[in-house]
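A.B. asks: To start, I am sharing the structure in question, which I have written as structure tokens.
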Amino acid sequence: MEITNQVFDRIFKRIFSLSDAAIILLINGLFDTDHSPGSSIIYNNRESTNAALEHRFADIFITVAGEYHYHLEAQMTYDKSIVLRAFEYGFYHALETRSDHLSLCFPEPVIVYLSEQENVPEESVIHIHFAGQGTFDYKVKNYVYLRHPLAELNRKKLIVLIPFQVLRLRRLLLDSRKSKIFSPDKFQKLKEIVESDILNSIKANLMVGNITRDDANQLVELTNLLYENIVLYYQKNGGEQMKPLLPGAIELPNDKYRIRIDELETQNSELKGELAALRAQLEELKKKHSSPDNVSSPTA
């Protein structure tokens with residue numbers, strides 16, 4: 001089984017099923033914005049039809065707080081022409097979402113390169129020439145994920161991209177394939193580093209409330225999917241059997257206390273219910289025994 005770019009593309013799209021608050025952090029980190037974690041999110045239609053009646057599918061269009069529009073594309077390898085597609089997708093998106101027939105509002109774009117690329121500029125530019133009206137530069141930010149150290153990713157709260165740390169393993173395997181030399185020790189060491197970075201980052205962001213517990217478990221699941229894909233490739237090309245990267249769920253050191261507190265709160269709620277029922281029964285008994293029909297006549 002080969003490592004396919006489609007796998008990474010699907011994983012990228014899958015992260016947008018995480019909580020809105022986590023996606024807001026992604027938007028803030030990529031676009032240097034400061035949207036509130038409680039801001040509303042709308043995922044817009046990704047399909048458009050061009051003048052040749054060809055269907056086009058962009059990656060992700062997001063509207064935040066009803067007025068801020070963003071367009072995210074994921075790439076594995078550098079493609080100079082993708083800036084043209086980003087412009088095309090943005091144009092058709094502006095047509096579909098316009099509120100004024102004579103006004104086009106393009107979303108702010110970014111291209112996220114998931115694997116490390118050497119020659120990707122910080123931004124790609126299209127020079128648009130309007131005859132008699134001048135020239136406009138359409139700029140698209142390029143974000144090469146693996147160029148950024150983990151400390152920066154955590155500082156910018158880009159936690160939803162953490163599964164792609166596994167791609168550091170992929171780069172090692174591709175280098176090994178070229179040289180036809182596999183180094184299990186080196187692979188194991190790098191795997192442990194990535195494992196520690198990923199799990200610790202997810203735990204830290206969970207503990208400070210940047211992501212939900214469901215977000216955390218989904219990020220672990222996505223990391224495992226990427227890892228399994230890469231390991232199958234490694235083993236097919238002569239590598240040794242590797243153990244699973246991460247457990248299927250996140251368990252923090254204070255989880256046993258939280259679970260016990262939840263149990264006690266449940267028991268307490270049940271006891272309160274029983275107590276309320278007993279009090280109601282007691283009141284009924286009091287009413288019954290204090291009614292005139294139940295009062296005995298005094299004896300002579």
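The values are calculated or read from the model by the stated rules, or taken from the named source; none is laboratory data. Fair warning: this is a prediction, and the values are worked out from it, not measured in the lab. All Cβ positions, glycine included, derive from the backbone under ideal geometry; neighbour counts span all protein chains shown.
A.B. asks: Consider the range 100-126. How many of its residues are loosely packed, with under 11 Cβ neighbours inside 10 Å and modelled with pLDDT of 95 or more?
C.D. replies: Of the residues in the range 100-126, 0 are loosely packed, with under 11 Cβ neighbours inside 10 Å and modelled with pLDDT of 95 or more.
A.B. asks: If only one of L146, L95 is at pLDDT below 90 and under 30 Å from F16 (Cβ atoms), which one is it?
C.D. replies: Answer to the selection: L95.
A.B. asks: Please list, ordered by residue number, the strands (runs of 3 or more DSSP E) wholly in the range 60-162 having 2 or more residues that are under 21 Å from Q6 (Cα atoms).
C.D. replies: 60-64, 68-75, 108-113, 134-144
A.B. asks: Something else: May I ask you to list the residues in the range 261-300 that are at pLDDT below 65 and of a type in the set (D, E)?
C.D. replies: Within the range 261-300, D262, D293 meet the criteria.
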